[in-house]
Each structure stands twice: as C-alpha cells, then as structure tokens.
Amino acid sequence: LFCFCVAEGLKYSKNRKNYILRLFLFALISEVPFDLMIHQTWFTWQGQNVIFTLLLAVIGVTIFEQPELLGKLMQKYEKNPETYAYQNADWVVKSFILAICAVLGFLLKTDYAWFGVCLVYVMYFTGRWSKPKRYAAIAAVLIGYGLINTLAGAGMMTALYWLAASTSLILIMLYNNKKGGGLKWLFYAFYPAHMLILYLIVHFDLI
C-alpha cells in the first residue's frame, strides 16, 4: 500500500523536489521510533525505516525521467545529442541509476531493501497499462518474490508473509484514481507515531 501510494504520488506530484524533501524529512523523523521499536535503541545502522526505501525509489524515477540527462557531458565531448548512440547511452545511464537506487536500499539495509524500491518501480511504470494487466503484474511480483524466498529456504512463514502482503491488492483494486480527502499529513505522521506508541506500550509493559 505504501509503495502504491508513492507510485501514484509520483504520477500526480506537481513538484518532485518538494516531494523528495518531504519524504527525506519524514524518513529522518521516523528513524528514532523505528530503531526503538525494532532494535530497542535510539539509533543503529542495522536497519533503516521504509520511508528511506520509498525515497530511493522516488529519486530513481525522478532522475530516470530527466530529459537529456547526458546532455552537458555529451556537449563537453562535442557529441551530437540527436544521434542514436547518444540516445541509447542516455537510456542505459538512466536505467543504471534505477539499479543503483535499488542497490542502495540493500546496502543501507532499509526496510524491504532493494525489493521495496523495485516494487515502486513496477507500480509506477505499469501505471499506463490497463488495470487488469497492471494488477496482474503487481500480484506476480509480490507472489513470485515470496515463492522465490520460500524455495531458497526462507521458510513457510515467509511465504505466508508475502501472501498476506498480496492481499493489499484488494484495496488497491478499489482505488478510483481520485485524490483523497486531504489527510496527507495525518498519514505521514501516523507512521512514526504508531511505532513510538508500540514501543512505549512494550517498554513500559502497558499490556
């Protein structure tokens, strides 16, 4: 659901720069509650919260969609930007940047790591497909990833985990392509707030 909302946010955002800065700000705000809840410490490099994952995906897509990304470099070497070689190189570099952002998710140990970044890519780049094809692609990626992990020895619980995650498609399929009721900041605040509340409940043995 997070990945789908970010993919739609990318499509409709009027200012990508502000979108990136907003995600970065809430990623920083969420890190302490995340580390407290998951690792029982104020900060650790053992794992970073999922907003960093979403941020990497947004950065990757934004750079990928920049026109003439290699324009200045090619001008320096007096290459013609209209040639096939230039256009092909530009596409290769942009795709490489998408891959780098996914790898950074793995190296930085963000929540859902490289797969979370790639899932946003799938949801965003299939946005122009018909709904049945788009949802089928998303379902195939989710279920396929779960099956691969299970076959690799991750265990039955992993399969059940990803099968449960796939049920989010039911809510996604109900999406009517219309903007919500202006509760954007509430949902941003909910993520760090709910983790902090859960940590306090457990830490102080409130249940």
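The values are calculated or read from the model by the stated rules, or taken from the named source; none is laboratory data. Quick caveat, the model's predicted, so the values are computed rather than measured. Please note: Cβ atoms are built from the backbone with ideal geometry, for glycine as well, and neighbour counts cover all protein chains shown. What goes into the accessible areas is simple: the full protein's heavy atoms, side chains included, and nothing from ligands, DNA or RNA. Shrake-Rupley method; radii C 1.70, N 1.55, O 1.52, S 1.80 Å.
Give the accessible surface of the stretch 92-207 per residue, rounded to a whole number of Å², with probe radius 1.4 Å and ligands, DNA and RNA excluded.
On the way: 7650 Å² over 116 residues.
Accessible area per residue, the stretch 92-207: 66 Å².
Express the relative contact order of the stretch 114-198 as a whole percentage, based on alpha carbon pairs under 8 Å and six or more residues apart in sequence.
Working: 33 pairs, mean separation 16.8, N = 85.
With pairs under 8 Å counted, the relative contact order is 20 percent.
Give the ranking of W129, W42 by solvent-accessible surface, highest area first, calculated with a 1.4 Å probe.
Ranking W129, W42 by accessible area, largest first, yields W42, W129.
Cβ under 12 Å from F34's Cβ, F34 left aside: what net charge do those residues give with Lys, Arg +1 and Asp, Glu -1? Before the final figure, lay out each step's value.
Details: positive: K109; negative: E31, D35, D111.
Result for the local shell: -2.
Name the residue, out of L21, L169, L183, whose mean-square fluctuation peaks in a Gaussian network model built on the chain with Cα pairs under 10 Å.
L183
Is the stretch 21-72 rounded, prolate or oblate when judged by the Cα gyration tensor, a ≥ b ≥ c being the square roots of its eigenvalues, rounded requiring a/c under 1.5 and prolate requiring a/b larger than b/c?
prolate
Select from G146, G47, G60 the residue whose mean-square fluctuation is largest in a Gaussian network model of the chain (Cα-Cα springs shorter than 10 Å).
G146
What shape does the stretch 100-197 have by the C-alpha gyration tensor, where a ≥ b ≥ c are the square roots of the eigenvalues, rounded means a/c under 1.5, and otherwise prolate means a/b greater than b/c and oblate the rest?
oblate
Leaving out ligands, DNA and RNA but keeping every protein chain, what accessible area does F2 have, in Å² rounded to the nearest 10, with a 1.4 Å probe?
F2 exposes around 100 Å² with every protein chain in place.
Would the stretch 140-207 count as rounded, prolate or oblate if I go by the C-alpha gyration tensor, calling it rounded below 1.5 in a/c and otherwise prolate when a/b exceeds b/c, oblate otherwise? Can you show the working numbers first?
Numbers: a/c = 3.39, a/b = 1.17, b/c = 2.89.
In terms of gyration-tensor shape, oblate.
How far is helix 84-107 tilted off the main Cα axis of the chain, in degrees rounded to 10, range 0 to 90?
With rounding to tens, the tilt is 20 degrees.
For the residue pair L174 and F190, what label-to-label distance in nm results when each label sits 7 Å from Cα along the Cα-to-beta-carbon direction?
1.3 nm
For Rg and Dmax of the Cα atoms in Å, the listed values are (1) 19.3, 69; (2) 17.5, 54; (3) 15.7, 50; which was obtained by calculation from the structure presented?
Here Rg and Dmax of the Cα atoms in Å agrees with entry (1).
Nearest 500 deg cm²/dmol is fine: what mean residue ellipticity at 222 nm does the chain get from its DSSP H runs of n ≥ 4 alone, each adding -39,500 (n - 2.57), divided by its residue count?
Details: 10 runs with 149 residues, N = 207.
Helices in the chain give a 222 nm mean residue ellipticity of -23500 deg cm²/dmol.
Given points 7 Å out from each Cα along the Cα-Cβ axis, report the K133 to L1 separation in nanometres with one decimal.
Result: 2.9 nm between the two label points.
Work out how much length M156 to F204 would gain on full extension: take 0.36 nm times their residue separation and subtract the Cα-Cα distance, in nm to one decimal. Don't skip to the answer; put the middle values down first.
Working: separation 48, 0.36 × 48 = 17.28 nm, distance 3.27 nm.
Here the answer is 14.0 nm.
Give the ranking of M173, M157, M37, M195 by solvent-accessible surface, highest area first, calculated with a 1.4 Å probe.
Working: M173 110, M157 140, M37 55, M195 5 Å².
Result, largest first: M157, M173, M37, M195.
Using Cα-Cα distances under 8 Å and only pairs 6 or more residues apart, what relative contact order does the chain have, in percent?
Averaging sequence separation for qualifying contacts and normalising by length gives 25 percent for the chain.
Modelled label-to-label distance, A99 and K11, 7 Å Cα→beta-carbon offset: nm?
My value for the distance between the label points is 2.8 nm.
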